[in-house]
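First comes the structure, then the notes that go with it.
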Amino acid sequence: MVPEKITPHDAFSDARLVARYADGPPRIVPGFADMQRMSTLLLAERVPDGGRVLVVGAGGGLELKTFAQAYPTWTFDGVDPSSKMIELAVQTLGTLASRVQLHEGTIDAAPAGPFDAATCLLTMHFLSLPERLRTAVEVRRRLKPGSPFVVVHMSIPAEQDERTSWMSRYAAFAISSGIDAHDAQKSSQAIKAHLNFLSPQQDESILREAGFSRISLFYVGFTFRGWVAYA
């Protein structure tokens with residue numbers, strides 16, 4: 001959750017906020033654990049034993065831990081621009097970290113591959129439209145032909161009234177998960193100020209423009225949507 005008056009960059013650089021990161025996604029992302037499980041199953045349709053998976057926005061290590069526990073023969077490369085979030089990922093992974101290489105930076109820090117699959121969960125909404133497209137292009141360039149790319153982030157209609165309604169629902173879900181109502185409203189306002197929302201149509205268009213095909217929506221949780229696409 002992005003706090004009031006703190007940009008996403010600051011939030012992922014502040015040691016106090018980073019330490020509390022793992023508590024956030026399960027409380028603000030509807031069906032968070034099931035979304036991760038579905039993402040794992042979509043990867044498993046194509047990733048072989050001994051497969052190699054690229055995880056973009058890997059800081060915190062939550063999805064890396066889920067993937068690594070489910071498939072003990074897979075190895076991973078994770079990239080994230082925040083050194084503190086990478087440190088948290090190492091702590092989260094524990095002994096599983098032996099199968100993960102972590103790289104500080106944007107997609108440019110990722111190895112050339114080729115990878116058997118890639119994910120980008122709860123990250124794209126921090127990027128501008130041009131940077132989202134560039135990231136998607138660079139992910140595809142690192143994938144073997146036919147490999148899946150699983151992406152999940154905030155994606156809501158472009159009309160202002162619709163966006164206001166959906167952000168109200170975001171806050172309501174957070175409150176229902178036990179987050180203080182005042183904090184939830186502050187977070188909603190900060191997200192509107194700092195995150196870059198695109199419509200679902202724009203998000204799918206980016207994947208197509210980056211060269212992905214067979215784009216399918218597999219997850220919707222209020223303000224969050226997830227797609228699987230293939231290189």
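From Gly51, Gly60, grab the single residue that is at pLDDT below 95, under 29 Å from Lys144 (Cα atoms) and open to solvent by less than 10 Å² (accessible area, probe 1.4 Å). Step through it out loud before you land on a result.
On the way: Gly51 fails: at pLDDT below 95.
Result: Gly60 is the single residue among Gly51, Gly60 that is at pLDDT below 95, under 29 Å from Lys144 (Cα atoms) and open to solvent by less than 10 Å² (accessible area, probe 1.4 Å).
Which pairs have Cβ atoms under 7 Å, sit 6 or more apart or on different chains, and link a residue in segment 115-144 that is over 12 Å from Phe212 (Cα atoms) to one that is surrounded by 24 or more Cβ atoms within 10 Å (Cβ to Cβ) and among the acidic types (Asp, Glu)?
Thr119/Glu63; Leu121/Glu63
Scan segment 216-231 and give yes if some residue there is polar (S, T, N, Q), modelled with pLDDT of 90 or more and closer than 16 Å to Met35 by Cβ, otherwise no. Break it down into steps so the answer makes sense when it comes.
Just the residues of segment 216-231 that are polar (S, T, N, Q), to begin with: 216, 223.
Adding the requirement that they be modelled with pLDDT of 90 or more leaves 216, 223.
Those still in the list that are closer than 16 Å to Met35 by Cβ too: 216, 223.
Yes.
Restricting the search to segment 125-136, which residues are touching a His at 6+ places or on another chain (Cβ under 6 Å) and surrounded by 24 or more Cβ atoms within 10 Å (Cβ to Cβ)? If you could, list the steps in order and put the result at the bottom.
Here is the first cut: in segment 125-136, the residues touching a His at 6+ places or on another chain (Cβ under 6 Å) are 125.
Answer for segment 125-136, where residues must be touching a His at 6+ places or on another chain (Cβ under 6 Å) and surrounded by 24 or more Cβ atoms within 10 Å (Cβ to Cβ): there is none.
Would you mind finding the one in Gln101, Gln201 that is among the polar types (S, T, N, Q), surrounded by fewer than 21 Cβ atoms within 10 Å (Cβ to Cβ) and out of contact with any strand residue (DSSP E or B) (no Cβ under 6 Å at 6 or more places or on another chain)?
Working: Gln101 fails: out of contact with any strand residue (DSSP E or B) (no Cβ under 6 Å at 6 or more places or on another chain).
One residue alone meets the criteria, Gln201.
Given the criterion of a type in the set (Val, Ile, Thr) and under 26 Å from Glu45 (Cβ atoms), identify the matching residue among Ile191, Ile179, Ile206, Ile156.
Ile206
Residues that are over 17 Å from the mean Cα position of the chain (by Cα) and of a type in the set (Val, Ile, Thr), at least 2 per element: which helices (runs of 4 or more DSSP H) completely within segment 124-231 meet that?
Numbers: elements: 129-141, 160-176, 181-194, 200-209.
The qualifying helices (runs of 4 or more DSSP H) are 160-176.
When residues of segment 192-231 are filtered for being in contact with a Leu (Cβ under 7 Å, 6 or more places away or on another chain) and without any contact (Cβ under 8 Å) to a residue 24 or more places away in the chain, how many remain?
Total meeting the criteria: 1.
Scan (1) open to solvent by less than 10 Å² (accessible area, probe 1.4 Å); (2) in a helix (DSSP H, G or I); (3) closer than 19 Å to Arg37 by Cβ; (4) of a type in the set (A, V, I, L, M) for the single condition Leu96 breaks and write down its number.
So the condition that Leu96 fails would be (1).
Can Thr106 be described as touching a residue at least 24 places away in the same chain (Cβ under 8 Å), of a type in the set (S, T, N, Q), farther than 23 Å from Asp203 by Cβ and buried (at least 16 other Cβ atoms within 10 Å of the Cβ)?
no
So, of the residues in segment 109-124 that are hydrophobic (A, V, I, L, M, F, W, C) and touching a Phe, Trp or Tyr at 6+ places or on another chain (Cβ under 9 Å), which turns out to be most open to solvent (accessible area, probe 1.4 Å)?
Our first condition is that a residue be hydrophobic (A, V, I, L, M, F, W, C); within segment 109-124, this holds for 109-110, 112, 115, 117-118, 120-122, 124.
Keeping just the survivors that are touching a Phe, Trp or Tyr at 6+ places or on another chain (Cβ under 9 Å) gives 117-118, 120, 122.
Values: Ala117: 0, Ala118: 0, Cys120: 1, Leu122: 29 Å².
Per the stated criteria, the residue is Leu122.
The values are calculated or read from the model by the stated rules, or taken from the named source; none is laboratory data. From a predicted model like this one, the values you see are computed outputs, not experimental measurements. Counting neighbours? That spans all protein chains shown, and the Cβs are built from the backbone with ideal geometry, glycine included. Each accessible area value is taken on the protein alone, full model and side chains, heavy atoms only, with ligands, DNA and RNA left out. Shrake-Rupley method; radii C 1.70, N 1.55, O 1.52, S 1.80 Å.
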